[in-house]
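One structure is given here, and the rest of the page talks about it.
The values are calculated or read from the model by the stated rules, or taken from the named source; none is laboratory data. None of these values were measured; they are calculated from a predicted model. Note that we place each Cβ from the backbone using ideal geometry, even for glycine, and neighbour counts take in every protein chain shown. These accessible areas exclude ligands, DNA and RNA; they are computed on the full protein's heavy atoms, side chains included. Shrake-Rupley method; radii C 1.70, N 1.55, O 1.52, S 1.80 Å.
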Amino acid sequence: ARRPMEIALFRPVARDYAVLHARFCSSGERCLTILSAHAPRPGPERRETRNAVLGAIVGQAKVAAARGDRVVAAGDFNITAFSPDFTVFAGAGLADTALGRGYPSTWPHILGRWGIGIDQVLVSPGITVAARWLGPDIHSDHYPLFVELELPDRR
């Protein structure tokens, strides 16, 4: 990048659950904030921790949006779009890139199409989805999720 970028790692709930916060600005000071995390697996004792990580992403997305940034939040959030806990993202104005494109299984890859989609990419208004697809088996327990985004010029 020709312009300075801000990159920070913050730990909203525990040392093992960090959230990456990166901010990139163009010469016209149009900025994009990217938030990413690997949230803990759900379970009776970990749901609260997972939701705290997701809440931290939402909090950072709200701050970025208030500055006028466009926002992308992506990662292994260990939650499906059908969970009641997923609605937390709507509070930050983040839209699921899967809407209208289906919800492919990303985990566990061994189950193929019978798994669940727990890897997510969400975007703020002003970002459009050009394409979204699963990549091939990369010898992980997840299939990679690719999303091609368009950031129309806002003038």
Residue by residue through the stretch 66-115, note down the ones that are on the phi > 0 side of the Ramachandran plot and over 13 Å from the mean Cα position of the chain (by Cα). G68, G100, G102, G112
Count, please, the residues in the stretch 105-141 that happen to be open to solvent by less than 70 Å² (accessible area, probe 1.4 Å) and either among the hydroxyl-bearing types (S, T, Y) or closer than 24 Å to A61 by Cβ (or both). 18
Looking at the stretch 29-41, which of the residues that are out of contact with any Asp or Glu (no Cβ under 6 Å at 6 or more places or on another chain) and under 24 Å from T106 (Cβ atoms) is modelled with the lowest pLDDT? R41
The condition of being open to solvent by less than 10 Å² (accessible area, probe 1.4 Å), in a loop (DSSP other than H, G, I, E, B) and without any contact (Cβ under 8 Å) to a residue 60 or more places away in the chain holds, among P44, P40, only for P40
The stretch 47-64 - residue that is under 13 Å from D85 (Cβ atoms) and more than 15 Å from the chain's Cα centre (by Cα) and, of those, least open to solvent (accessible area, probe 1.4 Å): T49
Would it be correct to say that F89 is more than 19 Å from G135 (Cβ to Cβ) and surrounded by fewer than 18 Cβ atoms within 10 Å (Cβ to Cβ)? no
Do any residues in the stretch 12-28 that are part of a loop (DSSP other than H, G, I, E, B) and at pLDDT 75 or above have Cβ atoms under 8 Å from those of residues that are among the charged types (D, E, K, R) and open to solvent by 40 Å² or more (accessible area, probe 1.4 Å), where the two are at least six apart or on different chains, and which pairs are they? S26/R3
